[in-house]
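Quick notes on the structure that follows.
The values are calculated or read from the model by the stated rules, or taken from the named source; none is laboratory data. The shown structure was predicted, so the numbers you read here are calculated from the model rather than taken from an experiment. Here the Cβ positions follow ideal geometry from the backbone for every residue, glycine too, while neighbour counts run over all protein chains shown. For the accessible areas, the whole protein counts, side chains as well, though only heavy atoms, and no ligand, DNA or RNA atoms are used. Shrake-Rupley method; radii C 1.70, N 1.55, O 1.52, S 1.80 Å.
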Amino acid sequence: VNASQLRVMISGAPAAGKGTQCANIVEKYNLVHISVGDLLRDEVKNASPAGKRAKDFMDRGELVPDEVVVDMVKTRLAQGDVQRSGWLLDGYPRSASQAEAIEKEGIRPDVFLLVNVPDELLIERVVGRRMDPVTGNIYHLKFKPPPHDVVDRLIQRSDDTEDKCKVRLDTYHKNVDAVIGYYKNLMVEIDGNQSMEKVFANISQVIDAVKAGKDPLEAFC
Ligand code: AP5
């Protein structure tokens with residue numbers, strides 16, 4: 001694997017810790033982070049046609065239709081910074097049809113990371129999450145308390161309620177097996193029910209091995 005063009009997919013249930021770990025991965029490996037949730041939230045904020053179409057689906061915790069998402073991701077993956085530095089794709093594909101759409105373009109990762117956290121822990125992670133709109137940093141009221149000087153400006157995502165999290169979780173479980181089917185030979189499962197530092201140590205071990213040209217499945221035992 002050409003270390004400067006590493007291609008990593010990260011998947012997992014809502015609030016499994018994908019965004020948290022992506023920040024660590026980007027800092028260490030300099031990949032371009034493509035978070036489809038963040039791209040969509042930007043579109044909604046800008047009230048673009050794609051954002052207007054996506055908003056209701058996101059508010060309900062359902063998948064935004066492919067006609068909005070697929071081209072958005074394909075376009076981003078084709079941009080110069082991504083081509084030069086490699087990519088970290090977070091939140092895509094989320095269905096068989098989304099996987100199929102990039103398979104057709106010959107787009108495959110070097111490794112597919114699946115972050116596993118038991119369902120019963122995810123609601124607490126969701127409702128306690130807060131985001132700093134200035135830095136993009138993700139905090140948790142209990143698990144990663146924000147520093148005092150930023151507390152007043154933190155925001156909570158509108159889909160971060162218990163009810164909406166249940167729908168998002170349901171959507172995830174309905175689709176995950178189909179997605180995994182496309183990446184079985186590249187998939188490494190990561191135990192997301194550990195400290196953030198331990199989760200990242202596991203992920204680093206996998207990425208280092210992949211960069212060294214090892215088979216992802218043998219990278220982490
Ligand atoms: P998206 O933004 O991707 O949301 P998600 O998948 O539900 O994931 P989250 O961002 O909620 O969680 P995360 O895993 O990043 O967790 P985090 O690190 O923040 O998607 C949102 C919506 O957009 C979807 O519902 C859908 O409508 C739409 N969408 C997106 N992609 C789409 C696609 N491909 N197709 C169609 N529609 C799409 O961590 C969560 C909290 O836990 C934080 O507070 C954090 O501090 C804490 N935490 C993290 N790790 C740990 C740990 N190890 N221990 C304790 N606490 C931890």
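Students sometimes get this wrong: rank Lys174, Lys55, Lys74 by accessible area, probe 1.4 Å, all chains present, largest first. Can you show the working numbers first?
Values: Lys174 155, Lys55 90, Lys74 55 Å².
The residues order as Lys174, Lys55, Lys74, largest area first.
Exceedance of the 32 Å cut-off in Cα-Cα distance is limited, within the set Lys74/Lys144; Lys55/Lys198; Lys164/Lys214; Lys164/Lys184; Lys142/Lys211, to Lys74/Lys144; Lys55/Lys198; Lys164/Lys214; Lys142/Lys211.
Between the stretch 63-82 and the stretch 180-221, the C-alpha centres lie 25 angstrom from each other. In the context of the full protein assembly, Cys22 retains an accessible surface of approximately 0 Å², using a probe radius of 1.4 Å and ignoring ligands and nucleic acids.
How much length, in nm to one decimal, is gained on full extension between Glu218 and Glu103, taken as 0.36 nm per residue of separation minus their Cα-Cα distance?
Details: separation 115, 0.36 × 115 = 41.40 nm, distance 2.39 nm.
Full-extension gain reported as 39.0 nm.
How much of the pair distance distribution for the chain lies past 25 Å, counting alpha-carbon pairs only, in percent?
Numbers: 9190 of 24310 pairs.
Result for the distance tail: 38 percent.
Accessible area ranking (1.4 Å probe, heavy atoms, ligands and nucleic acids excluded), largest first, for Glu105, Glu62, Glu197: Glu197, Glu105, Glu62. Per the Cα gyration tensor, the stretch 1-80 maps to an equivalent ellipsoid with semi-axes of 25, 16, 11 Å, ordered largest to smallest.
When only the heavy atoms of the protein chains count and the probe is 1.4 Å, how do Asp208, Asp71 rank by accessible area, highest first?
Values: Asp208 70, Asp71 90 Å².
Listed by decreasing accessible area, they come as Asp71, Asp208.
If you take all other residues with their beta carbon under 15 Å from the beta carbon of Arg108, and give Lys and Arg +1 and Asp and Glu -1, the sum is -1.
In the context of the full set of protein chains, residues of the stretch 1-142 present 45 Å² of accessible surface per residue (probe radius 1.4 Å, heavy atoms only). Between Ala201 and Asp149, the distance separating the two model label sites (each 7 Å from Cα on the Cα→Cβ line) works out to 3.1 nm.
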